[in-house]
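Student: Please read through the structure below; I'll follow up with questions.
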Ligand SMILES: [Zn+2]
């Protein structure tokens, strides 16, 4: 049978391909199957994993959240079918501790919402997510800080990050403020950015401005821009982490439209 004969019988193109991917969503389908969403270097795609929920299934390990591997997928139109998985990084640790599992679920939900469908996705987003998971595994004691960095980076990637080095109202460099003024900076929830002491008063819209120590402007800038490979140990007080979390979460929900279920679960653990 030559190719053209095959084409005339099957109107739909069937594609079988191998792709590197990380599982960002996995839900049970019926008693035995699973539907996974894979984040690949070219975007996300959904695939049905037949029989993956059976204990003896060779695919069972490969459909767990945050597992990375080479996924073999058959696709006509719409959802694909998972044929085979060769795991390259199981990230077992992320499923063994409740706290890490909660962070991993949050990271995965965030990237799943941010990513475009394959083939229109972005390799840089894929690598950003891979780096976040690796840091979570390698530095479990720093998980809350890694989460702040991940939020800052994804905000920047989504184009929902202000210039953390300038006053969002007057444009003045905030490093200048640090040397000429003793006042704190503020985060304006309405403007979605930091404001210098001069711009905080009088309040223009009646909305509360969150007080932010000057040093945290630099932290926000670095968290959003520094590559994972250059991040070493980070020390940050619980109070500073709390301020950054409020800023980044507000920025995510109001300026990126991302308010997530897994985030609320994470918060309910009160880590
Ligand atoms: Zn200003």
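Student: State the volume of the convex hull built on the alpha-carbon positions of segment 176-260, expressed per residue in Å³ and rounded to an integer.
Tutor: Value for segment 176-260: 124 Å³ per residue.
Student: A further question on this structure: Based on the Cα atoms of the chain, what semi-axes does the equivalent ellipsoid have, where each is the square root of 5 times one gyration tensor eigenvalue, given in whole Å with the largest first?
Tutor: The three semi-axes for the chain are 42, 20, 15 Å.
Student: Using all alpha carbons of segment 51-195, what is the percent of pairwise distances in each 10 Å bin, ordered from the shortest bin to the longest?
Tutor: 9, 29, 29, 19, 9, 5, 1
Student: Given a 10 angstrom Cα cut-off, can you work out which residue in 152, 104, 52 is the most mobile in a GNM of the chain?
Tutor: Most flexible of the set in this elastic network: 52.
Student: Restricting everything to alpha-carbon atoms, can you work out Rg to Rh for segment 118-271 with a Kirkwood hydrodynamic radius?
Tutor: Looking at segment 118-271, the ratio lands at 0.97.
Student: A further question on this structure: When only Cα pairs under 8 Å and 6 or more residues apart are kept, what is the percent relative contact order across segment 102-252?
Tutor: Here the relative contact order equals 25 percent.
Student: Percent relative contact order of the chain, based on C-alpha pairs within less than 8 angstrom and at least six residues apart?
Tutor: Across the chain, relative contact order equals 15 percent.
Student: Could you check which residue among 124, 26, 237 shows the biggest mean-square fluctuation in a GNM of the chain with a 10 Å Cα cutoff?
Tutor: Of 124, 26, 237, the most mobile in the Gaussian network model is 237.
Student: Need one number: nm distance between label points at residue 181 and residue 16, each 7 Å from Cα along Cα→Cβ, rounded to one decimal.
Tutor: About 6.5 nm separates the two model spin labels.
Student: I need to check one value: relative contact order of segment 1-149, counting alpha carbon pairs closer than 8 Å and at least 6 residues apart, in percent.
Tutor: Here the relative contact order equals 23 percent.
Student: Given segment 223-266, report the % of alpha carbon pairs whose separation exceeds 11 Å.
Tutor: Cα-Cα pairs in segment 223-266 separated by more than 11 Å: 74 percent.
Student: So if we plug the beta-carbon distance of residue 116 and residue 170 into 1/(1 + (r/R0)^6) with R0 = 22 Å, what FRET efficiency do we get, rounded to 0.05?
Tutor: With R0 = 22 Å, the Cβ-Cβ based efficiency is 0.05.
Student: Suppose only helical runs count, i.e. DSSP H with n ≥ 4. What mean residue ellipticity at 222 nm does that imply for the chain under -39500 (n - 2.57) per run, divided by all residues and rounded to the nearest 500 deg cm²/dmol?
Tutor: -12000 deg cm²/dmol
Student: Could you order peptides 158-166, 66-74 by the average number of other Cβ atoms within 10 Å of their residues, highest first?
Tutor: 66-74, 158-166
Read-outs: derived from the displayed coordinates by stated rules, not from any lab. None of the values given here were measured: they were computed from a predicted structure. Every residue, glycine among them, receives a Cβ derived from its backbone with ideal geometry; neighbour counts consider all protein chains shown.
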